[in-house]
């Protein structure tokens, strides 16, 4: 137990070295670690190109940022669901090539089907009932519910069948829509390069978004709130859309506004989308000899490539429109078949606007529109005050601990002080290496970890003191026995706390997870510094001084 072989010494040295290397960047200003390259991006410079240069990310409560609450528009989702049901009902009521319905329409919150004859109503009821399936249940929900509620009209409506979405299905759709929205928002913010944003469900149909370091909430709203529904339509140049886009067009045609990069105005396209953004597999910022400035290059999946190749083969010489969120962003002419399934979207893009479009396309379309109902900018001045208060609290707590340990245990108290210093360095290095976010509760976690590390040293030194009071017990044997017999208690206490931290991390969000991460890292480092590093210092001291009695 008191012997340190070469492998142990090298391992301890490497852990200490890595902790110092990962924590040092937090002490060096950003301008000394990074510089702007020709592309306008920051890159590491000098020695920071070969050693870690990442620093601890500060949370919203420390560095400020944007706080936004979005309302998920469930009315659109319900309307889409009713239109889908209407189409399914219309198809189900075509029996053996004969339509048994006179009309199928959406009326309020219901789909109303009117059969041709009253005796067809029972057949219609059976066929529509077959469309209803069990609702996707949430874990732990054992109730049995159907997606549709089908009822027949009364005696005054002998040929009417009414269909509505069940309450259980509406709740399931609402939950699924909010979860999908959260995932799309997360992909968009990750593509933006933000660090550890908080994206959680709030209430039944709201999403809370907190982005540390984002000074302008409008930028986040513009990126997150865009639907990013992309589709490809053939252009009908035989119809004049009119100056204001209000011209009457025949069925199967629609008028869309042109993007300013395409000269503005309006254009007539086929209503039916030949391709959608679901066939898109990748988008990136690129260049093209036919365009000035950056362009957006895109690639489609196998199915999309086949459809796109057939579309361009059959419509050579015609224009096709790329529509994004109801606006034509590009309308190129097909000069030759495009069989590779890839292309470019050109226009008056800057690097920033092209990058934002790439983020939207890669993240996918939102399942429902988002409306910001609350937004505020958290100023960084508040965060700096909290950082200063947290730093002061850490210094005061650390100072009091040092005084107590040195006064109580003498030279061994000095070893525990050095172990505490290393513990803080390893925590900072761990947070930097993992790219974790430090929040105000995280600072509390560091202070708590310091107390827990001292508790481990107290357990060890009290056991050493008990052993040293026995007759004819050498200092070496007393120290060895103290470390051996305190190990079980230290591990039990820290493992249970580590389990609690893991539960907080899995179930918590935002600052709670920040506290859990800091606490979890601190538990691991405190066990290492209290039991391994301080023991190494004690062994070195014993070999150097060979004391006859421990100064306890």
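Details
- Residues that are at pLDDT below 75 and either touching a helix residue (DSSP H, G or I) at 6+ places or on another chain (Cβ under 7 Å) or on the phi > 0 side of the Ramachandran plot (or both) within segment 28-42 comprise just one, 40.
- Set side by side, the residues 272, 313 differ, and just one is part of a loop (DSSP other than H, G, I, E, B) and out of contact with any helix residue (DSSP H, G or I) (no Cβ under 6 Å at 6 or more places or on another chain), which is 272.
- Looking only at segment 220-237, and only at residues there that are outside any strand (DSSP E or B), modelled with pLDDT of 80 or more and touching a strand residue (DSSP E or B) at 6+ places or on another chain (Cβ under 8 Å), the one that is farthest from residue 277 (Cα to Cα): 237
- When 376, 274, 299, 318 are checked against the criterion of being in contact (Cβ under 8 Å) with a residue 40 or more places away in the chain and under 20 Å from residue 185 (Cβ atoms), a single residue qualifies: 376.
- Selection count, segment 246-269, where residues are assigned to a loop (DSSP other than H, G, I, E, B) and either touching a helix residue (DSSP H, G or I) at 6+ places or on another chain (Cβ under 7 Å) or under 29 Å from residue 298 (Cα atoms) (or both): 5
- Residue that is farthest from residue 145 (Cα to Cα), among those in segment 92-132 that are in contact (Cβ under 8 Å) with a residue 40 or more places away in the chain and surrounded by fewer than 13 Cβ atoms within 10 Å (Cβ to Cβ): 117
- Residue that is farthest from residue 180 (Cα to Cα), among those in segment 62-95 that are at pLDDT 80 or above and part of a loop (DSSP other than H, G, I, E, B): 93
- Residue within segment 334-343 that is closer than 24 Å to residue 181 by Cβ, assigned by TED's automatic domain parsing to the domain that holds residue 258 and crowded, with 18+ Cβ neighbours inside 10 Å present: no
- Some residue of segment 371-393 being under 30 Å from residue 301 (Cα atoms), assigned by TED's automatic domain parsing to the domain that holds residue 263 and either assigned to a helix (DSSP H, G or I) or modelled with pLDDT of 80 or more (or both): no
The values are calculated or read from the model by the stated rules, or taken from the named source; none is laboratory data. On a predicted model such as this, the values are computed, not experimentally measured, just so you know. FYI the Cβ positions are ideal-geometry reconstructions off the backbone, even for glycines, and counts take in every protein chain you see.
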